[in-house]
Every structure is written in C-alpha cells, then in structure tokens.
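A quick write-up on the structure given underneath.
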Amino acid sequence: MTPRVAVAGPALRPLCMSDLPAVLAIQRAAYGDGYQESAAVLGRKLELAPQACWLAQSDGIAVGYVFAHPWNDAGAPPLHAPLQALPANAAHGFVHDLAVSPAARGLGVAAALFGRVRDWSAGTGHRGMRLVALADAVPFWARQGFAALPAALPPGYGAGARLMERALRD
C-alpha cells in the first residue's frame, strides 16, 4: 500500500524543463508501463505552451502535473509524437495529460490542476476544452463537465478511451 501524502491544498507553479524527471516518475506511478510518453514529447508541449503546463507540489515534492495546449477541431493529437506546431486560431484548450501521484489521489490535486488549466483556456478565449479520457478516467472528466464526442482516436489511447469536450462559459 502506498502511503498518502498530506496535502493541505497543493502549491501550483508553472512547469519547467527541469521538472521532467519528476513528471516521468509520476507518469509511471499513475499509468504503469501502458502510457509512458518520453521527456522529448512532453518537453515539446512545454516548449510550445508553457503557460498551460503546471506542476502540483506538497512540501516541495511533486505530486501531480498537467500538460495542455491550444488545439483545433481535428480530434486528438497522436500519442508518443512531438507536436511540430500549434494550430493557428485554436478554438480549444486541449488537456494532453493530467496525472496525480497515487499517494496524493483523493486530495484535490487533480481538481486544482484542472482549475488552473481551465482558467488559462478561458482567459485565452477558447470556446471550449477537449481531452482524451482513458477508460478509467471518463467518470472523473464527466464530473468536470466533459461529454464524449463520437470520434475515432489515434492508436495508443486504449480500449474505452473517449474524446471529450466541454464548453467554457464566462
């Protein structure tokens, strides 16, 4: 059993390239070997949209992260491939990955990270947000106001994964 981390409300700060080793450790703990993306792929998202990528810490220890970026109506970007560029006139904020250390689950870390990226997307003027929810995360994202879209996904997202969208309201 993994010991729980005491979080009185996570401290959020912008992600930095030097955080990628901690991000990869959280990614492995959260997903196992199934959905590991490389530091190069995640680092490219951070290069393209640093204002949309955040780290959650408790007592100076990384306990969660979110990578997001502007996106269009083209469905979902492929996994394991660096983005070459962001689309011009993006209509959505795309939550590429949000993960929380197993020791910090249930303590509000995911909600805090999502709130920060939702505020970024609304402030950017996007009309909505999109993401791909892995099968076991669909209920969480539905509670955040997302609904599934009828769309085929690129390979690698796994059985039961869904492209989801929510509107942003003022």
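The values are calculated or read from the model by the stated rules, or taken from the named source; none is laboratory data. For clarity, every value in this text was computed on a predicted model and none was experimentally measured. Every residue, glycine as well, gets a Cβ built from its backbone with ideal geometry; the counts of neighbours run over all protein chains shown. The area values use the complete protein model at the heavy-atom level, side chains included, leaving out ligands, DNA and RNA. Shrake-Rupley method; radii C 1.70, N 1.55, O 1.52, S 1.80 Å.
May I ask you to give the percent of accessible area on the chain that is carbon plus sulfur, with a probe radius of 1.4 Å?
C and S atoms contribute 56 percent here.
Along the charge dipole of the chain, Cβ charges K/R +1 and D/E -1, which of 66, 83, 113 sits furthest on the positive end?
The Cα lying farthest towards the positive end belongs to 113.
Extension gain residue 138-residue 61, at 0.36 nm per residue separation less the Cα-Cα distance, in nm?
Values: separation 77, 0.36 × 77 = 27.72 nm, distance 2.74 nm.
Extra length available between residue 138 and residue 61 comes to 25.0 nm.
Strictly greater than 20 Å: what percent of every Cα pair in the stretch 108-165 meets that?
28 percent
Residues of the stretch 33-121: accessible area per residue at 1.4 Å, in Å²?
37 Å²
Give the value in nm², to one decimal: projected area of the alpha carbon convex hull of the chain, averaged over all directions.
In nm², the orientation-averaged hull projection of the chain is 9.5.
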